[in-house]
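Here is the structure we will look at, set down as C-alpha cells.
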C-alpha cells in the first residue's frame, strides 16, 4: 500500500472473547508500544482498526482487543491479516541505515561486475534475508545475502547500493 509500511500481523486468536495475538516484525518493536490503531488493507485502501486494549506478552508480541471485534469467529477472521502504519510513523534512521521497502529500484554496484544491476526487492526469510537483483543480460535474478560484510555503502540521493559481495555469487 502506497504511503504505508508493514509493521506486523495478527498471528492467532487468543481465547474466545475476540482477543488476538499481534506480532510486530520490526527490528525494534518498542516505538510501536503505544499505537492507538493499525490499518488493514481492503481493496488497496487503508482501513483503520482501533485498539481497545493491549498487553505485551513478549518483546514483539501483544494480546490485543480491537474495537468492534467480538467473539471467537470475528477474531479468527483477522488471523493472518497484515498490519500497516503510515510511513510518517517510521523512526528516523542514520544516513547509512535503510528500510527494506526503500530499496527496490536502486542501482546496484559491485566491484568486478561490469554489467548493470537493479535491486528488485528484499526477500525476508527466517534464516537469511536476501537482495534479489536483476543483472543485465541474465534471465534469472541473482540472490545476494543481506549481511553487513557485503554492504559497502548506500547512496540515497543517487539511489545506488554499493556491495562488495564475492563475484562468484553473481554466477550461481
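Of all the residues that make up the range 21-46, how many are within 11 Å of residue 85 (Cα to Cα) and either in the same structural domain as residue 124 (by TED's automatic domain parsing) or surrounded by 12 or more Cβ atoms within 10 Å (Cβ to Cβ) (or both)?
The number of residues fulfilling the criteria is 8.
Each row is one residue, and each column tells you yes or no for (1) in contact with a helix residue (DSSP H, G or I) (Cβ under 9 Å, 6 or more places away or on another chain); (2) surrounded by 12 or more Cβ atoms within 10 Å (Cβ to Cβ); (3) over 17 Å from residue 152 (Cβ atoms).
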{"residue": "96", "(1), (2), (3)": "no, no, no"}
{"residue": "103", "(1), (2), (3)": "no, yes, no"}
{"residue": "113", "(1), (2), (3)": "yes, yes, no"}
{"residue": "117", "(1), (2), (3)": "yes, yes, no"}
{"residue": "126", "(1), (2), (3)": "no, no, yes"}
{"residue": "130", "(1), (2), (3)": "no, yes, yes"}
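With respect to the conditions (1) under 24 Å from residue 48 (Cβ atoms); (2) in contact (Cβ under 8 Å) with a residue 24 or more places away in the chain; (3) touching a strand residue (DSSP E or B) at 6+ places or on another chain (Cβ under 8 Å), residue 74 falls short on a single one, namely (3). Filtering 17, 65 for residues that are more than 23 Å from residue 124 (Cβ to Cβ) and either in the same structural domain as residue 123 (by TED's automatic domain parsing) or not in a strand (DSSP E or B) (or both) leaves a single hit, 17. The residues on offer are 122, 108, and the sole one that is part of a strand (DSSP E or B), touching a helix residue (DSSP H, G or I) at 6+ places or on another chain (Cβ under 6 Å) and outside the structural domain of residue 8 (by TED's automatic domain parsing) is 122. Name, by its number, the condition in (1) in contact with a strand residue (DSSP E or B) (Cβ under 6 Å, 6 or more places away or on another chain); (2) not in a strand (DSSP E or B) that does not hold for residue 35. Unmet condition: (1). For the range 1-20, filtering for residues that are surrounded by 13 or more Cβ atoms within 10 Å (Cβ to Cβ), under 20 Å from residue 100 (Cα atoms) and touching a helix residue (DSSP H, G or I) at 6+ places or on another chain (Cβ under 9 Å) leaves 5.
Looking across the range 79-105, the residues that are within 30 Å of residue 65 (Cβ to Cβ), in contact with a strand residue (DSSP E or B) (Cβ under 8 Å, 6 or more places away or on another chain) and assigned to a loop (DSSP other than H, G, I, E, B) come down to 79, 80, 81, 90, 99. Does at least one position in the range 135-152 carry a residue that is under 18 Å from the mean Cα position of the chain (by Cα), closer than 30 Å to residue 36 by Cβ and in a strand (DSSP E or B)? Taking every residue of the range 135-152 in turn, none turns out to be under 18 Å from the mean Cα position of the chain (by Cα), closer than 30 Å to residue 36 by Cβ and in a strand (DSSP E or B). Only one of the numbered conditions (1) touching a residue at least 12 places away in the same chain (Cβ under 8 Å); (2) loosely packed, with under 14 Cβ neighbours inside 10 Å is not met by residue 88, and that is (1). Here the condition is being modelled with pLDDT under 90 and under 20 Å from the mean Cα position of the chain (by Cα); of 156, 94, 121, it holds for 94 alone.
The set of residues from the range 144-171 being in contact with a helix residue (DSSP H, G or I) (Cβ under 8 Å, 6 or more places away or on another chain) and surrounded by 17 or more Cβ atoms within 10 Å (Cβ to Cβ) comprises 144, 163, 165.
The values are calculated or read from the model by the stated rules, or taken from the named source; none is laboratory data. Because the structure is a prediction, the values reported are computed rather than measured. Please note: Cβ atoms are built from the backbone with ideal geometry, for glycine as well, and neighbour counts cover all protein chains shown.
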